[in-house]
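Notes follow once the structure below has been shown.
The values are calculated or read from the model by the stated rules, or taken from the named source; none is laboratory data. Given the structure is predicted, the values throughout are model-derived calculations rather than measurements. FYI the Cβ positions are ideal-geometry reconstructions off the backbone, even for glycines, and counts take in every protein chain you see.
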Amino acid sequence: MMKERSLFRRTGLVLTLASLMLALAIMSVQGSAPSAPPADDASKPRADIIRIDGLKQFGKLERPAVVYLHEKHTQALSKKNKDCATCHLPDKKYMSTKFKRLTDTSKKTVMDIYHDNCTVCHRQTVDAGEKAGPVVCTGCHQERAVASSWTEIGMDKSLHYRHLKAQETKCEVCHHRFDPAAKKLIYVKGKEDNCRFCHLQETVDNVISMRLASHGQCIDCHRKRLAQNQDAGPATCGGCHDAALQKKIQKLKDVPRLVRGQPDVTVVQAIRSDGQKVAPFTRMSVVPFNHIGHETYNDTCRACHHSSMDACGKCHTLQGSKDGKFVKLQTAMHRVSAQASCLGCHDSFQTDKRCAGCHASMPRKDPPGLSGCVSCHMPKPAAATPETEPKVMAAMLLDARQPVTATYADEDIPETVEIKALSKQFESAKLPHRKIVQTLVKNIKDSKLAGAFHREPGTVCQGCHHNSPVAKKPPACASCHGQPFDGRNLFRPGLQAAYHLQCMECHKDMGIEKPVATNCTGCHKEKL
Amino acid sequence: MSISRRRFLGWLGAAGVGTTLGRSAHAAGNTLFTGYPDSLGVLFDVTRCIGCRKCEEACNKVNELPAPPKPFSELAVMERRRRTDAKTYTVVNRYENAPGAKGPLYRKIQCNHCLEPACASACFVRAFAKNSNGAVTYDESVCVGCRYCMIACPFEIPAYEYDKAFTPRIMKCTFCHPRLIKGQLPGCVEICPAEALTFGKRRNLLKIARERIGLFPGRYIDHIYGETEMGGTAWLTISGVPFRDLGMREDLGTTAAPELTKGALSVVPVVASMWPVLLTGVYAISQRRDKIAREEQAAAVATAVAKAQSEAKAKLTEAMAKAEKDKKAAIDKEVKKALEEATRAKAQESAAATAAAPEKKPS
């Protein structure tokens, strides 16, 4: 036993010494290798960082993945009048995004391709007396932290229109769809989809990933046009993906409407799981939808059409279907936490300073209270018949619903309100009531969204006069708020706090800096 | 003084006995202690606090504390990170540029009135009491000034009157205990203009806090500070930014201080009070043992002496007896000799007589 243990110990000692010597040797070799890039270069955030870890598909990586800076290589090559073909082979249609190969056949082959080609080129460059990348294992295989400025890019309306114009409205240059019968890509006019509907995050069967699809098609086209000295988009990593450069992409102010046969106005059509359309007004009041209006409010179709250009109700059926991931129509339209839902998007506008004064102090309920239903769900117009087309019906309903923020006539709004229920240390506060109402209304006058939801004259009043029915003369605050810390009304602040919270929180959320909350005399005069 | 092994073991034994005598802490056992039923508390809502320092002013007034050098209307004092001291039961600090906050944030600091207070568990004279209304109060009449409470408090609240040479006290927020008894609100709560301080039964405050967090998920961090920190505190805090950004400790865990220290600390009062008795006892026992040993030795010596003496006496008696005997024998001998002499002489006399008497025949 003792003998065994001493043997282990000796072996361990020998191994430790050996590994130490190896490490020293490697470090000395590394020291003689070409030096690291200059500090300023390394510290700058980059959009061209590629982690070469393709061997992952063959099992666990033996060494750290190589952090590869793509643009550094393209720049070096362009100086020698070499282009992409130096590293990338032509594939069926576009250049392969892989390095010196079309497919990953085996671990050994792929590894050899990198080791042979990278080191050979680096060595040749060094031999020519120029600066080049490493030639030893750890030179490339090391954990490196490089700051990234990489940002996702998508086609917004402006960029889409610029492409459309450049391609002379030939949608088929980019758009295609798979024809299962012919087993090939075809173009169908009016059936253009968003790239991401088919090209997902990862390659699935024959459908390549969004990354491969865009890098193949976009860069290929850009390169070809650049070669012909035509106006073209970027062909470098940073050109599209660098956060700062992305902002420099030219944006058109007035983008003509992208036409794909979409309706101007329509009604949200409920469809049963068996595909049967539910006739309007059989259960719920119908929701007219101003499609053309919403096109102008959003930058992409994807904002709402998150996985198909079909009408919402097709996948999000009344009862939910597999295509709609069993999200029912009701949920798809009302979930506040979902950005693509009606309420989710509308709700996000409430953080705007003009809205936050009232809305920030309103509880977030999912689904929200029932009082707002009628803002969207409208009663049947008198002229509508069962045969009325959805588009016609929607137009009728939208005509009846002008998005204008309403309020009471000036003379019905008290000019000042004196708050004298509590006055101990201070004189009563005089509230410029009418001015406040007018300012609130003026702030949102131009917003169609606000107009749609504040059509009733009492709605704006509810920002302060909450939790009571809409009325021209709402109940006094003291009707509900009294002594603080009432055990029977746990969640109701006392009168003093109710006033202060209402005023102070609204001022804070609207960014009104004066009077500051701690300046008592800004609102009250001190009692002498 | 050197300590003998025996004495050391004696002390050790005494200490061991002492620990078994210790009363177990209140939270001992595996049941969850959630405070006195219906005990009171305060919910501090950071999102509501405007940093007016009215609470500081009211606190100073109702507790009759000395006036500070700068008036309470001076808000610039909040530029410095302050803490409670012997003249200040509560302070409001300002936190600029907290990540995720739109403007400066304010936090009120005072005693949190733990459900199971660390200060009370550290105090070996029981100067601190957790009252059934939730207040942790202090009794200066028994305080010995050890300041263990100051070290024990995870919130660094108790302060000491270092400037008083003869009657220094521990100073800390009393939850306005005297006012609560009279049915009044704590001074700070009463004055707060925006109900940033909500007063009520602790269980209701938890409901209120949850309701606010639930209805305004974007406004609050989903946590009630003090619900479980250090086993729970009567004062609770909800905030829109992480509590660490308001200088609040997030490393306190959910275990009450007495729970952590009950093994050792529950012994402290016993050891402290029993120590002299125990040591005296140990001393007495060893003294007694020595005494007995001495007595035994003395007894043994006495016995030995007695024995020796008796033996000597016996010998003497024997010798005396022998001597007497010898003397007697000698006397007897001499007597005998004398008698024999006498007899012989008599016989000689009688023989002489007989020789003379044959002429005279009896008739």
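Details
- Just one of the listed residues (A:Ala395, A:Ala452) is more than 14 Å from every other protein chain (Cβ to nearest Cβ), within 21 Å of A:Leu343 (Cα to Cα), not in a strand (DSSP E or B) and not hydroxyl-bearing (Ser, Thr, Tyr), and it is A:Ala452.
- Against the numbered list (1) loosely packed, with under 15 Cβ neighbours inside 10 Å; (2) touching a His at 6+ places or on another chain (Cβ under 8 Å), A:Ala421 comes up short only at (2).
- Residue within region B:89-101 that is free of Cβ contacts under 8 Å to residues at least 60 places away in the same chain, within 14 Å of another protein chain (Cβ to nearest Cβ) and outside any loop (DSSP other than H, G, I, E, B) present: yes
- The set of residues in region B:284-333 being under 58 Å from the mean Cα position of the chain (by Cα) and over 30 Å from B:Ser4 (Cβ atoms) consists of B:Val305, B:Ala306, B:Lys307, B:Ala308, B:Gln309.
- Residue in region A:310-325 that is farthest from A:Thr266 (Cα to Cα), counting only those that are assigned to a loop (DSSP other than H, G, I, E, B) and within 23 Å of the chain's Cα centre (by Cα): A:Lys325
- Filter result for A:Val110 (over 30 Å from A:Lys44 (Cα atoms) and aliphatic (A, V, I, L, M)): yes
- Residues in region B:49-83 that are of a type in the set (Gly, Ala, Ser) and part of a loop (DSSP other than H, G, I, E, B): B:Gly51, B:Ala67, B:Ser73.
- Long-range neighbours under 7 Å by Cβ, at least six apart or interchain, first residue on the phi < 0 side of the Ramachandran plot and within 8 Å of chain B (Cβ to nearest Cβ) within region A:494-505, second assigned to a helix (DSSP H, G or I) and of a type outside the set (D, E, K, R): none
- Residue in region A:277-295 that is buried (at least 17 other Cβ atoms within 10 Å of the Cβ) and closer than 22 Å to A:Cys174 by Cβ present: yes
- Within region A:399-418, the set of residues being of a type outside the set (Phe, Trp, Tyr) and either touching a residue at least 24 places away in the same chain (Cβ under 8 Å) or surrounded by 14 or more Cβ atoms within 10 Å (Cβ to Cβ) (or both) comprises A:Arg401, A:Gln402, A:Pro403, A:Val404, A:Thr405, A:Ala406, A:Thr407, A:Asp410, A:Asp412, A:Ile413, A:Val417.
- Each residue in region B:193-244 was checked for being at the interface with another protein chain (Cβ under 8 Å from one of its Cβ atoms) and of a type in the set (A, V, I, L, M, F, W, C), and 5 of them qualify.
- Within region A:506-528, considering residues that are loosely packed, with under 14 Cβ neighbours inside 10 Å and more than 10 Å from chain B (Cβ to nearest Cβ), the one farthest from A:Lys420 (Cα to Cα): A:Lys514
- Residue within region B:161-182 that is within 29 Å of the chain's Cα centre (by Cα), assigned to a strand (DSSP E or B) and modelled with pLDDT of 95 or more present: yes
- The single condition from (1) closer than 22 Å to A:Cys195 by Cβ; (2) outside any loop (DSSP other than H, G, I, E, B) that A:Pro256 fails is (2).
- Odd one out for A:Arg354, checked against (1) among the charged types (D, E, K, R); (2) away from every other protein chain (no Cβ under 14 Å); (3) surrounded by 15 or more Cβ atoms within 10 Å (Cβ to Cβ); (4) outside any helix (DSSP H, G or I): (4)
- Filtered by the rule that a residue be in a loop (DSSP other than H, G, I, E, B) and farther than 22 Å from A:Leu370 by Cα, region A:455-479 gives A:Lys473, A:Ala476.
- For beta carbons closer than 7 Å, sequence separation of 6+ or different chains, a first residue in region A:163-179 that is farther than 20 Å from A:Arg257 by Cβ and a second that is charged (D, E, K, R) and in a loop (DSSP other than H, G, I, E, B), the qualifying pairs are A:Arg177/A:Lys191; A:Arg177/A:Asp193.
- Those residues of region A:468-493 which are in contact with a helix residue (DSSP H, G or I) (Cβ under 7 Å, 6 or more places away or on another chain) and either hydroxyl-bearing (Ser, Thr, Tyr) or facing chain B (nearest Cβ under 7 Å) (or both), in sequence order: A:Pro484, A:Gly487, A:Leu490, A:Phe491, A:Pro493
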